[in-house]
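A.B. asks: Here it is: the structure, laid out below.
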Amino acid sequence: MNYFVTGATGFIGRFLVARLLQRSDSTVYALVRKGSEARLHQIAADLGVSESRLVPVTGNLTQPNLGLAQEDLLRLHGRIDHCFHLAAIYDLKADLISQQRTNVDGTRYAVQAAEALGSGCFHHVSSIAVAGLYPGCFTETMFEQATGLDDPYFYTKHLAEKCVREECRIPWRVYRPSMVVGHSKSGEMDKIDGPYYIFKIMQRLHDWLPRWLPLPGIEGGQFNIVPVDYVVDAMDAIAHKPGLDGQAFHLTAERHYRLGDLLNLVADVAQAPRFSLQISNRLLEGAPLNAITRLGQIGFVHRQVEKLLNALDMPLSTLGFVTYPVTFDRSQTAVALADTGITPPALEDYLPVLWDYWARHLDPDRKSRAYARQFSTQH
């Protein structure tokens, strides 16, 4: 079976490529920029597969038909069973124009290329961000009901999925992962993002305060977290099941966590003090999601907040998600995976693995901490 993948060298993309190549008869053709072929060859070497099974195809996400050469279109036409589109920008600091170019235009060009290749099915990796700030439970059959799409990432991911729904002339399927973290068994992750910002906070609290000290916090919004291995296993299984075209699948965990509960879960792993005195969300009702962000942009407040967030390696925009209101139903996904044994693991079960990997590989203070540990053992 032959696959065409965009975003193959990204975090989720690398795991998906590895999963697809576990199929003995599979070949993956991966879109790469000219001059970036070495990154794909390294992935093939890491996976222990021949370069004839993981093949670079030169192109550009920001060009019509992905900038594929005519000879490549002719060579691969009618040979691609599944086209997976994963390439996108996920950066809370990225501007609207760059996200429009990559997330929206790039998706449109990926659809064009899939059609030109005569692909059997187009698989679009979207995001729960398409729901915007919908105040309630967003189901897999919902799309146009999204509200509060002011954030550039929400807006462009919504437009990208709209492009697939309205413009794709071959069978398509949509996958909406929630917050994706590292591998549930190894903890492997490539950057600090999403829930990982909480890790740094808890590390500082561990260093500064006694563990028994109860801290004030807020109940906060809803957070849904899944490990990358569940996401790619679910995508692979659903992609190869018949009769599921034209549907969206929420690759989400069964449980949502309030911010206060999530903070306490990480606090327990970090051996930091817990947020035992939580302020009810009722005191925050009526305020828009980005109210805290706007407050942080005012004069003196902005300067102080910026100093604090810089110390924690957090972008200011993360504060806008403190009261995130949306939950997600995964009924269609549960049915599709019912006979596969693939289920989202509970965060409590693999959170220690995530913490350990972060502390060893991603914590910006890990070198100084390692030195301090070494110094303390020598003296």
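We did not get these values from a lab; they are worked out from the coordinates using the rules stated. If you're wondering where the values come from, they're calculated on a predicted model, not measured in any experiment. Heads up, the Cβs are rebuilt from the backbone with ideal geometry, glycines too, and the neighbour counts pull from every protein chain shown.
A.B. asks: Starting from the Cα of Arg255, step 7 Å along the direction of its Cβ; do the same at Ser24; then give the gap between the two resulting points in nm.
C.D. replies: So the two model labels end up 4.0 nm from each other.
A.B. asks: What does the charge count near Pro152 come to, summing +1 for each Lys or Arg and -1 for each Asp or Glu among other residues with Cβ under 13 Å from its Cβ?
C.D. replies: -1
A.B. asks: Around Phe4, which amide H atoms from residues at least 5 apart in sequence, or from another chain, sit under 5 Å from its own amide H, with H modelled in the peptide plane?
C.D. replies: Tyr29, His82, Cys83, Phe84
A.B. asks: Next up: Taking amide H positions as placed 1.01 Å from N in the peptide plane, with prolines and chain starts having none, which residues 5 or more places from Arg274, or on another chain, fall under 5 Å of its amide H?
C.D. replies: Leu215
A.B. asks: Hey, could you pull the Cα Rg and Dmax for the range 2-177, both in Å?
C.D. replies: According to the Cα coordinates of the range 2-177, Rg and Dmax are 16.1, 49 Å.
A.B. asks: Further question: Sum up the charges of everything whose Cβ sits under 12 Å from the Cβ of Gln247, counting Lys and Arg as +1 and Asp and Glu as -1, but leave Gln247 out.
C.D. replies: Value of the local net charge: +2.
A.B. asks: Still on this structure: Can you give the extra length, in nm with one decimal, that the chain gains between Leu73 and Asp339 once fully stretched, where that is 0.36 nm per residue apart less the Cα-Cα distance? Let's see the in-between values first.
C.D. replies: On the way: separation 266, 0.36 × 266 = 95.76 nm, distance 3.68 nm.
Full-extension gain reported as 92.1 nm.
A.B. asks: Taking the Cα centre of the range 2-177 as origin, sum charge times position over the Cβ atoms of Lys and Arg (+1) and Asp and Glu (-1), and report the length of that vector in debye to the nearest 20. Show your work: numbers first, answer last.
C.D. replies: Working: 18 positive and 18 negative charges, 59 e Å.
That gives the range 2-177 a dipole magnitude of about 280 debye.
A.B. asks: Which aspartates and glutamates have a Cα less than 18 Å from the Cα of Lys157, not counting those fewer than 8 places away in the same chain?
C.D. replies: Filter leaves Asp91, Asp95, Asp105, Glu140, Glu144, Glu166, Glu167, Asp193.
A.B. asks: Sticking with this one: Starting from the exponent 0.38 and prefactor 2.2 Å, build the expected Rg for the range 104-160 from its residue count and divide its actual Cα Rg by it. Walk me through the numbers before you get to the answer.
C.D. replies: Working: Rg = 13.2 Å, N = 57, 2.2 N^0.38 = 10.2 Å.
Rg over 2.2 N^0.38 Å, computed on Cα atoms: 1.29.
A.B. asks: In addition: Karplus couplings for the range 149-165 from phi (6.51 cos²θ - 1.76 cosθ + 1.60, θ = phi - 60°), rounded to Hz, Gly and Pro as x?
C.D. replies: Result, ordered by residue: 9, 5, 4, x, 5, 4, 4, 6, 5, 5, 5, 5, 5, 4, 4, 4, 5 Hz.
A.B. asks: Taking only C-alpha pairs under 8 Å that are 6+ residues apart, what is the relative contact order of the range 2-177 in percent?
C.D. replies: Relative contact order, the range 2-177: 21 percent.
A.B. asks: What ³J(HN,Hα) values, in whole Hz, does the Karplus curve 6.51 cos²θ - 1.76 cosθ + 1.60 give for the range 124-138 when θ = phi - 60°, with x put for Gly and Pro?
C.D. replies: For the range 124-138, the Karplus curve yields 9, 8, 8, 6, 5, 4, 5, 6, x, 10, 3, x, x, 8, 9 Hz.
A.B. asks: Here's a follow-up. Let me check I've understood the local charge: for Arg330, count other residues with C-beta under 10 angstrom from its C-beta, Lys and Arg +1, Asp and Glu -1. What total comes out?
C.D. replies: Combined, the nearby Lys, Arg, Asp and Glu give -2.
A.B. asks: Would you kindly derive the ³J(HN,Hα) couplings of the range 327-341 from the backbone phi angles with the Karplus curve 6.51 cos²θ - 1.76 cosθ + 1.60 (θ = phi - 60°), listing them in order in whole Hz, with x for Gly and Pro?
C.D. replies: For the range 327-341, the Karplus-derived couplings read 10, 10, 8, 10, 4, 5, 5, 4, 5, 5, 9, 4, 9, 9, x Hz, x marking Gly and Pro.
A.B. asks: In addition: Which trypsin sites (Lys or Arg not before Pro) in the range 191-236 sit in a loop by DSSP (not H, G, I, E or B) and have at most 15 other Cβ atoms within 10 Å of their own Cβ?
C.D. replies: Within the range 191-236, the qualifying trypsin sites (Lys or Arg not before Pro) (loop, at most 15 other Cβ atoms within 10 Å) are Lys191, Arg211.
A.B. asks: Here's a follow-up. Relative to the Cα centre, what is the charge dipole magnitude of the range 23-110, using +1 at the beta carbon of each Lys and Arg, -1 at the beta carbon of each Asp and Glu, and rounding to the nearest 20 debye?
C.D. replies: Dipole about the Cα centre, nearest 20: 80 debye.
A.B. asks: While we're on this one: Could you pull out the chymotrypsin sites (Phe, Trp or Tyr not before Pro) across the range 181-284 that fall in loop regions by DSSP (anything but H, G, I, E, B) with no more than 14 other Cβ atoms inside 10 Å?
C.D. replies: Here the sparse-neighbourhood loop sites are Trp212.
A.B. asks: Name the long-range amide H neighbours of Trp172: under 5 Å, sequence gap of 5 or more, or other chain; modelled H, no Pro or chain starts.
C.D. replies: Phe122, Gly246
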